[in-house]
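K.L.:
Okay, here's the structure, questions in a sec.
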Amino acid sequence: MNQPQTLDALAGLALFSDLDRPQLEAVAHTMSEESFPAGQRILRQGFSGAGFYIILDGEVTVRVDGSDVARLSKGDFFGEISLLLGDAPIADVITSGPVHTLQLAGPELRDFLLAYPPVMYRMLQAISRRLDRANRRS
């Protein structure tokens, strides 16, 4: 994607909806774009996480102990829990088809979230929704 396309993609995601154009430009410069082919394991359960990922296009399957527990698609993110806790990922994340993401290196997540409180708040809302859904299934 070129810079204007990346900015438009970010502006269309709920996670970044509270940011203005200059902030979106700064975010775009902070993150790197990564593409993965179908069947690629992006995160591996029990091993160190590589970063925080936001899906721009495509879909991934979240698998815990060999069981599929969730599907994530455009606008969803993953990798944050292991980074925030300093633990290895608790799930495999595997592409269902080609996937295009924005990625932030793990050590940068804390400073990124502190620099953009609205993003941190939106992330907290999304994580809370996930936890609520998981609790309702239990």
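K.L.:
Within region 34-57, which residues are crowded, with 17+ Cβ neighbours inside 10 Å and closer than 19 Å to Leu104 by Cβ?
P.N.:
Phe36, Ile42, Leu43, Gly49, Ala50, Gly51, Phe52, Tyr53, Ile54, Ile55, Leu56
K.L.:
Just checking, which of Val27, Val60, Val69 is touching a strand residue (DSSP E or B) at 6+ places or on another chain (Cβ under 7 Å), open to solvent by less than 20 Å² (accessible area, probe 1.4 Å), touching a residue at least 12 places away in the same chain (Cβ under 8 Å) and within 20 Å of Met123 (Cα to Cα)?
P.N.:
It is Val60.
K.L.:
Against the definition (acidic (Asp, Glu), in contact (Cβ under 8 Å) with a residue 24 or more places away in the chain, out of contact with any His (no Cβ under 8 Å at 6 or more places or on another chain) and open to solvent by 30 Å² or more (accessible area, probe 1.4 Å)), how does Glu80 come out, yes or no?
P.N.:
Working: acidic (Asp, Glu): yes; in contact (Cβ under 8 Å) with a residue 24 or more places away in the chain: yes; out of contact with any His (no Cβ under 8 Å at 6 or more places or on another chain): yes; open to solvent by 30 Å² or more (accessible area, probe 1.4 Å): no.
No.
K.L.:
Something else about it: Being β-branched (Val, Ile, Thr) and within 21 Å of Ser128 (Cα to Cα) narrows it down to one of Ile94, Ile55, Ile42, so name that one.
P.N.:
On inspection, the qualifying residue turns out to be Ile55.
K.L.:
Give region 85-108 a look and list any residue that's touching a Lys or Arg at 6+ places or on another chain (Cβ under 8 Å) and either acidic (Asp, Glu) or within 18 Å of Gly46 (Cβ to Cβ) (or both), or say none.
P.N.:
Across region 85-108, the qualifying residues are Pro89, Ala91, Asp92, Val93, Ile94.
K.L.:
Looking only at region 116-128, filter to residues that are open to solvent by less than 50 Å² (accessible area, probe 1.4 Å) and either small (Gly, Ala, Ser) or in contact with an Asp or Glu (Cβ under 6 Å, 6 or more places away or on another chain) (or both); which one of those is farthest from Asp57 (Cα to Cα)?
P.N.:
Result: Pro118.
K.L.:
Let me ask something else. Kindly evaluate Gly106 against the criterion of being surrounded by fewer than 14 Cβ atoms within 10 Å (Cβ to Cβ) and small (Gly, Ala, Ser).
P.N.:
Considered against the rule, which asks whether it is surrounded by fewer than 14 Cβ atoms within 10 Å (Cβ to Cβ) and small (Gly, Ala, Ser), Gly106 comes out as no.
K.L.:
Let me ask another. Quick test for you: out of Leu113, Leu131, pick the one residue that is surrounded by 15 or more Cβ atoms within 10 Å (Cβ to Cβ) and either hydrophobic (A, V, I, L, M, F, W, C) or under 18 Å from Gly39 (Cα atoms) (or both).
P.N.:
Exactly one of Leu113, Leu131 is surrounded by 15 or more Cβ atoms within 10 Å (Cβ to Cβ) and either hydrophobic (A, V, I, L, M, F, W, C) or under 18 Å from Gly39 (Cα atoms) (or both), namely Leu113.
K.L.:
One residue is enough: does region 116-129 have a residue meeting the conditions over 21 Å from Ala11 (Cβ atoms), touching a helix residue (DSSP H, G or I) at 6+ places or on another chain (Cβ under 8 Å) and not small (Gly, Ala, Ser)? Show your work before the answer.
P.N.:
We begin by selecting, within region 116-129, every residue over 21 Å from Ala11 (Cβ atoms); these are 127-129.
When the remaining residues are screened for being touching a helix residue (DSSP H, G or I) at 6+ places or on another chain (Cβ under 8 Å), the result is 127.
Narrowing the set further to residues that are not small (Gly, Ala, Ser) leaves 127.
Yes, because at least one residue in region 116-129 is over 21 Å from Ala11 (Cβ atoms), touching a helix residue (DSSP H, G or I) at 6+ places or on another chain (Cβ under 8 Å) and not small (Gly, Ala, Ser).
The values are calculated or read from the model by the stated rules, or taken from the named source; none is laboratory data. Small disclaimer: the values here were computed from a predicted structure and weren't measured. Counting neighbours? That spans all protein chains shown, and the Cβs are built from the backbone with ideal geometry, glycine included. Areas reflect the complete protein model, heavy atoms only, side chains present, ligands, DNA and RNA absent. Shrake-Rupley method; radii C 1.70, N 1.55, O 1.52, S 1.80 Å.
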